[in-house]
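Here's the structure, in structure tokens; my notes come after.
The values are calculated or read from the model by the stated rules, or taken from the named source; none is laboratory data. What you see is a predicted model; the values in this text were computed from it and never measured. Note that each Cβ is placed from the backbone with ideal geometry, even for glycine, and that neighbours are counted across all protein chains shown.
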Amino acid sequence: MELSQDTKNILRLQLPTDPRWVNLAEKSLEEILTDHAYCEQKAATSCISIIQRYNDKEKLVKELSPIVTEEWGHFRLVLAELEKRKLQLGKQRKDEYVNALIQFQQKGGNDEGRMLDQLLTMALIEARSCERFKRLSEGLNDEYMKKFYRRFMESEAGHYTLFIELAETYIDKEKARRRWNEWLEYEAGVIKNLTVRGDRIH
């Protein structure tokens, strides 16, 4: 199965989510909403961390500050959905996908390379989240939840674009694009080797 052409062109992801994932997620709504809530929380705290580390980058600070607010707002929206459905926010679980991406980040070398990898990691997480939310918005049977995830899909697409733009602002564009292609290839391997689980966003 291939990604739809529009999604593939926009997100550049090399491997689509296994179509079985949506059906599994629909059967594990409490777990998927719990994991989604923590994903939004971690996105907010990751942006705060990037701002703190690169506080001298004016555009980065200016552009990521509202993302912190937006991601925390998403966390609250998911919490509200859990409460409305009388479901519980469970415990945060190990994110094997994100941990695998972190393994590919540059550990030594110069600060520019480390910043590039951090921004591209965030871009990939947002792109994969966007693709997953798109699948939920199209594949769930619950019409309300389809619209619920459509909103998140649109937001993640904007965040993905922003992280790519920031990478190309502070690092040579050609270098950033070469590294992005390496990340895309690596991420496809991560997705290929992960077990398909309906209780995780990633």
Item to check | Selection count, region 51-73, where residues are over 18 Å from residue 158 (Cα atoms) and surrounded by 13 or more Cβ atoms within 10 Å (Cβ to Cβ) | outcome: 4
Item to check | Members of region 163-190 found to be surrounded by 18 or more Cβ atoms within 10 Å (Cβ to Cβ), within 21 Å of residue 61 (Cβ to Cβ) and not aromatic (Phe, Trp, Tyr), listed by number | outcome: 164, 166, 167, 171, 176
Item to check | First in region 35-64 and closer than 17 Å to residue 118 by Cα, second anywhere and of a type in the set (Gly, Ala, Ser) and surrounded by 18 or more Cβ atoms within 10 Å (Cβ to Cβ), Cβ under 7 Å, 6 or more apart | outcome: 39/129
Checklist entry - Residues in region 78-90: is at least one surrounded by fewer than 19 Cβ atoms within 10 Å (Cβ to Cβ), farther than 25 Å from residue 169 by Cβ and modelled with pLDDT under 95? => result yes
Next on the checklist: Please determine whether any residue of region 168-176 is under 17 Å from the mean Cα position of the chain (by Cα) and of a type in the set (A, V, I, L, M, F, W, C).
Outcome noted: no
Checklist outcome for this item: Of all helices (runs of 4 or more DSSP H) fully inside region 1-113, the set with 2 or more residues that are farther than 25 Å from residue 144 by Cβ and within 17 Å of the chain's Cα centre (by Cα) is 5-11, 29-53, 58-84, 96-102
Checklist outcome for this item: Exception for residue 22 within (1) in contact (Cβ under 8 Å) with a residue 12 or more places away in the chain; (2) out of contact with any Gly (no Cβ under 6 Å at 6 or more places or on another chain) falls at (2)
Next on the checklist: Against the definition (without any contact (Cβ under 8 Å) to a residue 60 or more places away in the chain and of a type in the set (Ser, Thr, Tyr)), how does residue 144 come out, yes or no?
Outcome noted: yes
